[in-house]
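Working notes, beginning with the structure itself.
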Amino acid sequence: LATGLTQNSASAVRSLDLSSNSIGEEGAQQLAALLSASTSLTRLDLTSNKLGARGTRAVMVSLHHNSTLTALSLRDNDVMEPGAAAVAAALEINGTLSTLWLGKNRIGDEGVVAIASALVANKQKSQIAILDLHKNGTTKVGHASLTQLLNESLGLTALGLAGAKMQFTETEAMQSAAKEKPEIGRAKAVRLWMGSDMNKWPVL
């Protein structure tokens, strides 16, 4: 499928749902080639595909060059910290992606810090509006980095953190940071999805 779409320069496929297909690292390499060449694909759902850190890195490296993909789901793919580092590296460069799902990937504090720092560094160019980081085993270190992101982000509209165990003071700080900030050019508050409910999370 990926090879066929890569070779067909006239392809008009815009949305591709490959969730729960056991694609693995090898399949991720082929999809990375597609993303590097595609001028039409805007939405890619790779939820639950056992990509691992290496497969995730292949996909994210392709986004250093891709300028059409706006929505990507990598939920439940064992991304872990090394894969999160590749995500962060792409987010420091990419100026097209607006929706990114990374829930249930065990990226921990180190991964969250890397991603939040990348978005802060690229805040003038980044288009990330919807960011899902639920159930990633974060603690106060990761929450502090996300609070900083919320304080500085210009375009973030929704942040998914369901399953994160926070102290009241951490929640309070994050909610305060998420408010509208006209002084930096953010007209609306960022919607925070906490607790355990992700049923009403924006669709990909």
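Nothing in this text is a laboratory measurement; each read-out follows from the coordinates by a stated rule. What you see is a predicted model; the values in this text were computed from it and never measured. Cβ: placed from backbone, ideal geometry, glycine included. Neighbour counts: every protein chain shown.
Per-residue ellipticity at 222 nm computed for the chain from its helices equals -12000 deg cm²/dmol, with DSSP H segments shorter than 4 residues left out and the rest contributing -39,500 (n - 2.57). Reducing the range 60-124 and the range 177-198 to their Cα centroids gives an inter-centroid distance of 20 Å.
Taken about its Cα centre, the chain carries a charge dipole of roughly 320 debye when the Cβ of each Lys and Arg holds +1 and the Cβ of each Asp and Glu holds -1.
Among 78-84, 100-106, what's the highest-first ranking by average C-beta atoms within 10 angstrom per residue?
100-106, 78-84
Between the listed residues Gly103, Ala158, Asn77, the Cα displaced farthest toward the positive end of the dipole of the chain, a dipole computed from Cβ unit charges relative to the Cα centre, is found at Ala158. Ranking Val112, Leu133, Ala89 by Cα position along the charge dipole of the range 80-137, where only Lys, Arg, Asp and Glu carry charges on their C-beta atoms, puts Leu133 farthest toward the positive end.
Peptides 151-157, 184-190 ranked from most to least packed, by the mean per-residue count of other Cβ atoms within 10 Å: 151-157, 184-190. Note on the chain: with a GNM built from Cα contacts shorter than 10 Å, the maximum mean-square fluctuation among Asp17, Asp45, Asp76 falls on Asp17.
Once the Cβ-Cβ distance of Leu1 and Lys140 is raised to the sixth power relative to R0 = 45 Å, the FRET efficiency obtained is 0.55.
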